[in-house]
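One structure is given below, encoded as structure tokens.
The values are calculated or read from the model by the stated rules, or taken from the named source; none is laboratory data. Since the structure is predicted, the reported quantities are computational estimates derived from the model, not experimental observations. Methodologically, a virtual Cβ is constructed for each residue, glycine included, from the backbone with ideal geometry; neighbour enumeration extends over all protein chains shown.
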Amino acid sequence: MSDATQPDTAKAGPVLAADGTPLKRSLARSLRVQKMRAMALIAPLLIFVLVSFIIPIGSMLFRSVENGMVEQTLPLTVVELQAWDASTGELPDEPLYAAFVADMVIAIDAKRHTRLGTRMNYEKTGMSSLFRKSGRQIKKLDPATDGPFKDQLIEIDKKWGEHETWSVIKTHSVAITNGYFLNAIDMQRTPDGAQAQPEDKRILITLFKRTLIMSMIITCSCIALAYPAAWLLANLPARSANMLMILVLLPFWTSLLVRTSAWKVMLQQQGVINDVLVWLGMVSDASRLVLINNQTGTIIAMTHILLPFMILPMYSVMRTIQPTYLRAAKSMGATNWTAFWRVYFPLSVPGIGAGSILVFILSIGYYITPEIVGGTKGVFISNRIAYHISSSLNWGLAAALGTILLAVVLILYWAYDKIVGIDNVKLG
Amino acid sequence: MASLTPISRKPLSFVLPTTAAFGALLGLFVGTANGSASLGILIGAVIVAAMGAVFILGLKNEQMAKWIAIVGVAALGFFFAGLPGAIIGALSGWFFHWITYWLYEGRYRAKLLPYLSGRQVLWHYTFRVICGSIFVFLITPILVVMPLSFNAEDFFTFTPEMLRFDPEGYSLKHYRDFFTNNEWQRSFKNSLIIAPIATVISVSLGTLAAIGLSQSHVPGRRAIMAILISPMIVPLIISATGMFFFYSDIGNWLEGTLGLPKTFVGYVKVVLAHAVLGIPFVIITVTATLVGFDHSLTRAAANMGANPVTTFFRVQMPLILPGVISGGLFAFITSFDEVVVVLFVGSASQKTLPWQMFTGLREQISPTILAVATILVGISILLLATVEILRRRSERLRGMSPT
């Protein structure tokens, strides 16, 4: 806007649109309408994803700290437990036993006491059967008339006379607990605070470490295999590159189960790889290689399955690197190696970064392939989560493990967004 | 490609030792298989070098040399290992002939820059071989499955009959099993019910949202995008766990309060769960297509009196259709291939094909899985071709030159 027109508009007041409203207001209204229209288009999907994906995951995360069961099943006992000081080493007094019997009679009627027993069994083995067996006896008692209960209960099962039983119940009677998270990192909640699990129960930290280390190995072997392949694809003439691209895209589009079963066929003791090696005489028939149901199997199969996810981002970065850069470097006296290492490689690093984060994110959450070719030594943390969901039914622990895994993935995803940007994710 | 470099014949002192080295490599394998590695290396090297010398010095006819090499080495292979040996022999005979002339005539330099040193040429071809083996690694597992699915035995391995190419060793019985076995057919049918419905839901909602996201003023676009993409980022096992709790509550409510039949509710649960998983793919592909969409076209349509609905269906939709379809194919394959979520959310009556394969791989080992795998590979080849054609069409429509 030039100086000459400025005083002019000031004199005439605000600029008007065709219908006589001030232009500013008219523009703001049209912007608002545009925003509303965009939101109206997005809203159905956003609500759908929020309700059927974000909320379920949120509630699962909440499950990892939620612990209302003791309080709901034994409300009176929990009040009495507050008054009891576990650190003295003495057994609780008669009122607590009476409250416990009163609670249990109601719980047994509603058949809730076995569930509480299962819950307490995660913390201390033997609790499940204690609740189930005692339940049958306690059912016969009448809380109003049959007291005092302390000796009767100890008569029913001597564990009720043990200090530890009560201190475990007291420790886990809080509504929000860190117990599952402590379990998830091989510790436990005790009356004296968080403590390490006994040696023979420490498996989860090992599993986390194994998941991370194996994901790193898989990522590294993917980089090693994808780099030359992507380089070739980016530097061949378009026609031959497209032909080779099919070899990358076909595995990418093939069902995961198909590829996993193919690796099962290839890797087993009587499988294709061993047969070929034996036939060539490189391995004797008696000492066939053990390639499946261990970490080797998981690493080989997952490297193959995730390789396209590494090749494709690398390829899209390498395609943008001008071949003239290398020639320029060479013309100025660089050797082949120097030209590659000082010029080409730094330019291709973004592709390596994008591919690595993608492969790493995908591999730490993998479930199917480790389950089928991993045996017991090659499984990941996801397999443990699935085990706790479907077999041991310790859902709190599964949720805690899932939360930790999700946190790791989200941090990596954030890094991916910073480096690559979500908008730049390309498919096929 | 026209040759870059004038080529010249190379001395025999270079050609023969190099071909002899390849002969020695094959000899090593044949030798170890027959007891003596060192003898094998020696014989292999001598035979191939002698063959090369005879071809170059005596025969001087490349076509005839080719057939002599193929038939000769095939006969040798047949002597050692029967029919499979003969085939490998024929292939290696062709290879020895090819490499002899390739080296002798200096053809290996034809397509390279003239100033490359000998070491650079060697590295060039070593690198090609490395890349070749990587591509072999990528494709072999998929190729191996196919012949094995015609196995006449209930094994996951090549039987001796198959290796002898005996017709007795092959049969279609696993395919017959797949098409007649109730269990497999039911799971196949379930997959065909669940995947298309889930795809329709994710494509219709996803396309609308992608169009909304591509408008110029969207408050909180990054956050919305992050939420919509999240089903792709969150590990499947975590999505499955979350949905397991959520959908069991929803299912109980639908069955208990509304009194819907159990099977129907089961399908609804799985379809909704799969629809969510497919959404990120639709969003990504459709927004990518919309980047190249010229918004003045919609304005032009409006200018000529079309209402927004007509504009959408007559102008915008035909142009973004390739992106929508390939997004839909991604969503379809996501659902069709999905096993973790259905394992947790579904019940036995919603068993899908991947689920059946998963239990098959874990429990009863039946080669029917390989027959199914071969069929699925066929389907994925079809899908891949469709996506590729659509991509080119989309680029043509948007006025880009196809790459």
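Restricting to segment B:376-394, and then to whatever is surrounded by fewer than 16 Cβ atoms within 10 Å (Cβ to Cβ) and over 18 Å from B:ILE139 (Cβ atoms), can you tell me which residue is farthest from the other protein chains (Cβ to nearest Cβ)?
Applying the filter and picking the extreme gives B:ARG393.
Would you say A:ILE108 is within 23 Å of A:GLU90 (Cβ to Cβ), among the aliphatic types (A, V, I, L, M) and out of contact with any Phe, Trp or Tyr (no Cβ under 8 Å at 6 or more places or on another chain)?
For A:ILE108, the condition - within 23 Å of A:GLU90 (Cβ to Cβ), among the aliphatic types (A, V, I, L, M) and out of contact with any Phe, Trp or Tyr (no Cβ under 8 Å at 6 or more places or on another chain) - is not met.
Under 7 Å by Cβ, and 6 or more places apart or on different chains, what pairs join a residue from segment A:265-287 that is farther than 17 Å from B:LEU28 by Cα with one that is modelled with pLDDT of 85 or more and small (Gly, Ala, Ser)?
Filtered contacts from segment A:265-287: A:LEU267/A:GLY297.
Got a sec? Which of A:SER390, A:SER382, A:SER348 is under 30 Å from B:THR287 (Cα atoms) and either surrounded by 14 or more Cβ atoms within 10 Å (Cβ to Cβ) or hydroxyl-bearing (Ser, Thr, Tyr) (or both)?
A:SER348
With the requirement that a residue be assigned to a helix (DSSP H, G or I) and within 11 Å of another protein chain (Cβ to nearest Cβ), what does segment A:57-82 give you?
Within segment A:57-82, A:ILE57, A:GLY58, A:SER59, A:MET60, A:LEU61, A:PHE62, A:ARG63 qualify.
A quick yes/no check of all residues on (1) at pLDDT 90 or above; (2) more than 26 Å from the chain's Cα centre (by Cα):
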residue	(1), (2)
A:ALA334	no, yes
A:TRP337	no, yes
A:PHE345	yes, yes
A:PRO350	no, no
A:GLY353	no, no
A:VAL359	yes, no
A:SER363	yes, no
A:VAL373	no, no
A:THR376	no, no
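Would you confirm, using the coordinates I've provided, whether B:THR298 is polar (S, T, N, Q) and more than 11 Å from every other protein chain (Cβ to nearest Cβ)?
yes
Say whether the condition of being closer than 20 Å to B:HIS217 by Cα and crowded, with 17+ Cβ neighbours inside 10 Å is met by at least one residue in segment B:317-340.
no
Having 2 or more residues that are of a type outside the set (Asp, Glu) and farther than 22 Å from A:TRP231 by Cα is the bar; report the helices (runs of 4 or more DSSP H) wholly within segment A:264-370 that clear it.
A:272-279, A:295-318, A:345-364
Mind checking whether some residue in segment A:52-60 is crowded, with 17+ Cβ neighbours inside 10 Å, at negative phi and in contact (Cβ under 8 Å) with a residue 60 or more places away in the chain?
yes
Tell me the residue from B:LEU112, B:LEU103 that is closer than 27 Å to B:ALA69 by Cα and touching a residue at least 24 places away in the same chain (Cβ under 8 Å), please.
When all the criteria are applied, what remains is B:LEU103.
Answer yes if at least one residue in segment B:362-372 is in a helix (DSSP H, G or I) and either more than 13 Å from chain A (Cβ to nearest Cβ) or surrounded by fewer than 22 Cβ atoms within 10 Å (Cβ to Cβ) (or both), and no otherwise.
Yes, segment B:362-372 contains a residue that is in a helix (DSSP H, G or I) and either more than 13 Å from chain A (Cβ to nearest Cβ) or surrounded by fewer than 22 Cβ atoms within 10 Å (Cβ to Cβ) (or both).
Scan segment B:165-185 for residues that are outside any loop (DSSP other than H, G, I, E, B) and free of Cβ contacts under 8 Å to residues at least 40 places away in the same chain and jot them down.
Residues satisfying the conditions are B:PRO167, B:GLU168, B:GLY169, B:TYR170, B:LYS173, B:ARG176, B:PHE179, B:THR180, B:ASN182, B:GLN185.
Looking at B:VAL144, B:VAL71, which one is in a helix (DSSP H, G or I), farther than 29 Å from B:ILE7 by Cβ and either more than 10 Å from chain A (Cβ to nearest Cβ) or in contact with a helix residue (DSSP H, G or I) (Cβ under 7 Å, 6 or more places away or on another chain) (or both)?
Going through B:VAL144, B:VAL71 in turn, the sole match is B:VAL144.
Being closer than 28 Å to A:ALA407 by Cα, modelled with pLDDT of 90 or more and either assigned to a helix (DSSP H, G or I) or not assigned by TED's automatic domain parsing to the domain that holds B:THR374 (or both) is the requirement here; does B:SER202 meet it?
Criteria met by B:SER202.
Only one of A:GLN195, A:GLN295 is surrounded by fewer than 22 Cβ atoms within 10 Å (Cβ to Cβ), closer than 30 Å to B:THR352 by Cα and either in contact with a strand residue (DSSP E or B) (Cβ under 9 Å, 6 or more places away or on another chain) or more than 10 Å from chain B (Cβ to nearest Cβ) (or both); which?
A:GLN295
I'd like to know if segment B:241-261 contains one or more residues that are on the phi > 0 side of the Ramachandran plot, out of contact with any Phe, Trp or Tyr (no Cβ under 6 Å at 6 or more places or on another chain) and more than 8 Å from chain A (Cβ to nearest Cβ).
Yes, there is a match, as at least one residue in segment B:241-261 is on the phi > 0 side of the Ramachandran plot, out of contact with any Phe, Trp or Tyr (no Cβ under 6 Å at 6 or more places or on another chain) and more than 8 Å from chain A (Cβ to nearest Cβ).
Give me a count of the residues in segment B:147-162 that are within 7 Å of chain A (Cβ to nearest Cβ) and touching a residue at least 24 places away in the same chain (Cβ under 8 Å).
Residues in segment B:147-162 being within 7 Å of chain A (Cβ to nearest Cβ) and touching a residue at least 24 places away in the same chain (Cβ under 8 Å): 2 in total.
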